[in-house]
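Worksheet: one structure, shown below.
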Amino acid sequence: MSDETNHNVRDPTTPPAATPAGEQPGNPARRKFIREAAVVGVAGAAGLALAACGKQEAGKVAGSAATSAAATTASAAKGLPEDYVPPGQLDEYFGIWSGGQSGEIRLLGLPSMRELMRVPVFNPDFTIGWGVTNESKRILGPNFPPGGDCHHPHMTQTDGHYDGRYVFINDKAHTRVARIRCDVWRCDRIVDVPNVQAIHGLRVQRAPRTGYVFANGEDQVPSPNDGRDLDDPKKYQTMFSAIDGDTMNVAWQVIVDGNLDNTEADYAGKYAASTCYNSEGGVTLAEMMQAERDWVVVFNIARIEEAVKKGDFKTIGSSKVPVVDGRHGSPLTMYIPIPKNPHGINASPDGKYVVANGKLSPTVSIIEWAKIDDWFDGKFKDPRDAVVAEPEVGLGPLHTAYDGRGNAYTTLFIDSQIVKWNIADAIAAHGGKKVNYLRQKLDVAYQPGHNHSSMGETRDADGKWLVSLNKFSKDRFLPTGPLHPDNDQLIDISGDTMKLVADGPVYAEPHDAVLVHKRFLMDKIKKVWDVNDPFFAETVALAKSQGVNVRSDNKVIRQGKKVFVYMTSAAPVFGLTDFKVKKGDEVTVTVTNIDPIEDVTHGFCITNYGINFEISPGATASATFTADKPGVYWYYCTFFCHALHMEMKGRMLVEA
Ligand code: RUQ
Ligand code: CUA
Ligand code: CA
């Protein structure tokens, strides 16, 4: 078996010697060993026989019951790379990746780092028919914008544990927040956040449950932003928003001083905290870097809810969202000065601390939640006293992850490193004890933004894996033209030292990801659609109102210039071999996949009409368009579903 045919063998090429970060992660000698061992190991792997069967007849799943924990142990025993997951075996973690400028979410398996699925959210997608089908347009809204800029995917939690209900993600480009269902991995709600601009930081309430989804409006704008105060930046403002994760309504907003970057929630359900890098209220780079300290603003959730309940709020313009005033001096907020233009903010999984990452300062600031309690209780005055340590960690600290064993891992953008440091030792050193809190610095390639540890944003932080989401890949991959992929690197943090395990090229620009152990999701994910699923319930109800059972009827209903075409799909036939409409008709085609068999997805494409969508087993999907071109237009199935897939087609006859 050659290297080319074995996709699990990493490229053993030694990276060029001259690199800005000094020593290269990834030992070439080790890589060579891995390569040879892997080839031998694969030949003997039990999974190979299954994989060699190729695609089985639909419905018969050649799945293996072996756990990936066993797989990992097995690969270690054979000298295989740690991220090697044999054919037919499953990864241990779901990686939920932001799709960045693509506007989507991506599902990866870890440790293999294999991409499993893409979930269109803010972006039209012709595979799924996102932005094509009526079902997706109901979620995207009328006149939906062309895409989104996603940064922060986060899963719902209950008492600090993932509960596998939803994932939320921001769209900075159009000031929106979306919700994705974890049972079918489809976006089901998108909310426009009013009164603010550019939703960036996003986190979920951890306790008692999500609950709120916290979202930062990053940039300050006039309020309302209707043309007034255009060039009077002193009058600009932004707000912190709490969205009800169940209803997807904006529950309340808090006006703040400065801008808002990243946000985080505590483990007790009492606070959220956001970084601000533009306390100066500047509109130019130079202005935004003037102050030595900006701040973290802490939101007291109970007090804000109380203020809203008492009617102590205003509304702005046509929005009905209660807006409370949380600027300096408000009893609702606490402003903790932090050096300098801080960026990421990350709560430790023991529930005790939250760390703000200094970016332009080589420090991280450790804030103790209990001190925040004390400050709000009036036990001390100076908010800086909530900072229990401010360790120096390196240049350009952006985000911090945790292993659940008291260690923190901070990305250093400028140094192109991950620094591992110990929280207790940092606090002890701050108190004057002679102790080295720094544990290790690992070169990454290159310029890391977020990092994320397995389960690290929950009480179940397990300290096994860390991904470093690097913005630059430079020389690490085959060239792809001037636009390079990002490089998401997998790091083993289970031992005393971090070990780089794999490079993972990814399309721009994931920003952030979460790693969720599969035990939180396996029994929640559906393999076929429930025929009563709310995702297409409105479409099914419309059919019913016309006397149509979408699961059995194949018919054309004309209502004046509106034509409704209903058909089933069951491999390898559509329920209608043809249908006839007139030029100028508004046509709605509704297709229902009545194949009850897992993995038999059909597609429905009308040639030269811009219509395509997928219909997975059990699903109903529809699209509406104007039949503006007379002639014969074949519709055909776009998913290779059957030996007679090519023949799965019919004709739309458009009369002149
Ligand atoms: S924050 S730039 Cu996640 Cu580093 Cu968006
Ligand atoms: Cu149905 Cu191809
Ligand atoms: Ca600043």
Item to check | Positions within segment 196-228 being without any contact (Cβ under 8 Å) to a residue 40 or more places away in the chain and either in contact with a strand residue (DSSP E or B) (Cβ under 9 Å, 6 or more places away or on another chain) or assigned to a strand (DSSP E or B) (or both), in sequence order | outcome: Ala198, Val221, Pro222, Asn225
Checklist outcome for this item: By residue number, the members of segment 397-416 that are more than 16 Å from ligand 3 (Cβ to nearest atom), part of a strand (DSSP E or B) and under 23 Å from the mean Cα position of the chain (by Cα) are His399, Thr400, Ala401, Tyr402, Ala408, Tyr409, Thr410, Thr411, Leu412
Item to check | Candidate set: segment 575-607, residues that are surrounded by fewer than 17 Cβ atoms within 10 Å (Cβ to Cβ) and of a type in the set (S, T, N, Q); chosen: the one farthest from Met648 (Cα to Cα) | outcome: Thr607
Checklist entry - Can you tell me which of Val297, Val283 is more than 24 Å from Val204 (Cβ to Cβ), modelled with pLDDT of 95 or more and of a type in the set (A, V, I, L, M)? => result Val283
Next on the checklist: With the structure loaded, tell me whether Lys371 is of a type in the set (Lys, Arg), away from ligand 3 (no atom under 16 Å from the Cβ), touching a helix residue (DSSP H, G or I) at 6+ places or on another chain (Cβ under 6 Å) and in the same structural domain as Ala428 (by TED's automatic domain parsing) or whether it fails that test.
Outcome noted: yes
Next on the checklist: Where the second residue is not in a strand (DSSP E or B) and the first is without any contact (Cβ under 8 Å) to a residue 24 or more places away in the chain and lies in segment 571-590, which pairs have Cβ atoms under 7 Å and are six or more apart or on separate chains?
Outcome noted: Gly575/Asn554
Next on the checklist: Which residue is surrounded by the most Cβ atoms within 10 Å (Cβ to Cβ), if the candidates are limited to segment 157-170 and must be closer than 11 Å to Glu457 by Cα and in contact with a Lys or Arg (Cβ under 9 Å, 6 or more places away or on another chain)?
Outcome noted: Gln157
Checklist entry - Among (1) in a helix (DSSP H, G or I); (2) farther than 28 Å from Gln157 by Cα, which single condition is Phe535 missing? => result (2)
Item to check | Per-region count, segment 349-362, residues surrounded by 23 or more Cβ atoms within 10 Å (Cβ to Cβ) and away from ligand 1 (no atom under 16 Å from the Cβ) | outcome: 2
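Taking segment 538-552, which residues are over 17 Å from Ser136 (Cα atoms), under 39 Å from the mean Cα position of the chain (by Cα) and either without any contact (Cβ under 8 Å) to a residue 12 or more places away in the chain or not in a helix (DSSP H, G or I) (or both)? Give the derivation first.
As a first pass, look at segment 538-552 and keep what is over 17 Å from Ser136 (Cα atoms): 543-552.
Still in the list and also under 39 Å from the mean Cα position of the chain (by Cα): 543-545, 548-552.
Selection gives Lys544, Ser545, Val548, Asn549, Val550, Arg551, Ser552.
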Checklist outcome for this item: Taking segment 509-532 and keeping residues outside any helix (DSSP H, G or I) and of a type outside the set (A, V, I, L, M, F, W, C) leaves Glu509, Pro510, His511, Asp512, His517, Asp523, Lys524, Lys526, Lys527, Asp530, Asn532
Next on the checklist: So, Val296, is that one within 16 Å of ligand 1 (Cβ to nearest atom) and closer than 20 Å to Tyr271 by Cβ or not?
Outcome noted: yes
Item to check | Every residue from segment 230-240 that is over 19 Å from Gln253 (Cβ atoms) and assigned to a loop (DSSP other than H, G, I, E, B) | outcome: Leu230, Asp231, Asp232
Next on the checklist: Could you check segment 279-298 and list, in sequence order, the residues that are touching a residue at least 60 places away in the same chain (Cβ under 8 Å) and either more than 25 Å from Phe376 (Cβ to Cβ) or away from ligand 3 (no atom under 16 Å from the Cβ) (or both)?
Outcome noted: Gly281, Met289, Val298
Checklist entry - Can we say Pro142 is of a type outside the set (Gly, Ala, Ser), under 23 Å from Glu218 (Cα atoms) and either surrounded by fewer than 19 Cβ atoms within 10 Å (Cβ to Cβ) or modelled with pLDDT under 95 (or both)? => result no
Next on the checklist: So the check is Cβ under 9 Å with 6+ separation or different chains; which pairs have a first residue in segment 632-647 that's under 13 Å from Asn612 (Cβ atoms) and of a type in the set (A, V, I, L, M, F, W, C) and a second one that's near ligand 2 (Cβ under 7 Å from one of its atoms) and part of a helix (DSSP H, G or I)?
Outcome noted: Cys637/His645; Phe639/His645
Item to check | Whichever residue in segment 307-329 is more than 30 Å from the chain's Cα centre (by Cα), surrounded by fewer than 16 Cβ atoms within 10 Å (Cβ to Cβ) and over 27 Å from Lys381 (Cα atoms) and, among such residues, is nearest to ligand 1 (Cβ to nearest atom) | outcome: Gly317
Checklist entry - Quick one: in segment 264-293, which of the residues that are among the acidic types (Asp, Glu) and within 16 Å of Ile367 (Cβ to Cβ) is farthest from ligand 1 (Cβ to nearest atom)? => result Asp266
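Residues are listed down the side, and each one gets a yes or a no for (1) farther than 19 Å from Tyr93 by Cα; (2) buried (at least 19 other Cβ atoms within 10 Å of the Cβ):
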site	(1), (2)
Thr410	yes, yes
Lys434	yes, no
Ser454	no, yes
Asp460	no, no
Pro505	no, no
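So, restricting to strands (runs of 3 or more DSSP E) that lie completely within segment 91-190, which ones have at least 3 residues that are farther than 30 Å from Leu80 by Cα and either in contact (Cβ under 8 Å) with a residue 60 or more places away in the chain or within 16 Å of ligand 2 (Cβ to nearest atom) (or both)?
Details: elements: 93-98, 104-110, 114-120, 154-158, 161-171, 176-181.
Of the strands (runs of 3 or more DSSP E) lying wholly inside segment 91-190, those with at least 3 residues that are farther than 30 Å from Leu80 by Cα and either in contact (Cβ under 8 Å) with a residue 60 or more places away in the chain or within 16 Å of ligand 2 (Cβ to nearest atom) (or both) span 154-158, 161-171, 176-181.
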Checklist entry - How many residues, within segment 412-426, are surrounded by 19 or more Cβ atoms within 10 Å (Cβ to Cβ), touching a Phe, Trp or Tyr at 6+ places or on another chain (Cβ under 9 Å) and not hydroxyl-bearing (Ser, Thr, Tyr)? => result 8
Checklist outcome for this item: Of the candidates Phe574, Phe613, Phe639, Phe604, the one satisfying the condition of being within 10 Å of ligand 2 (Cβ to nearest atom), in contact with a helix residue (DSSP H, G or I) (Cβ under 9 Å, 6 or more places away or on another chain) and under 30 Å from Pro142 (Cβ atoms) is Phe639
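The values are calculated or read from the model by the stated rules, or taken from the named source; none is laboratory data. Note that the structure is a prediction, hence the values are computed from the model and not measured. Neighbour counts are summed over all protein chains in view; Cβ atoms, including those assigned to glycine, are modelled from backbone coordinates with ideal geometry.
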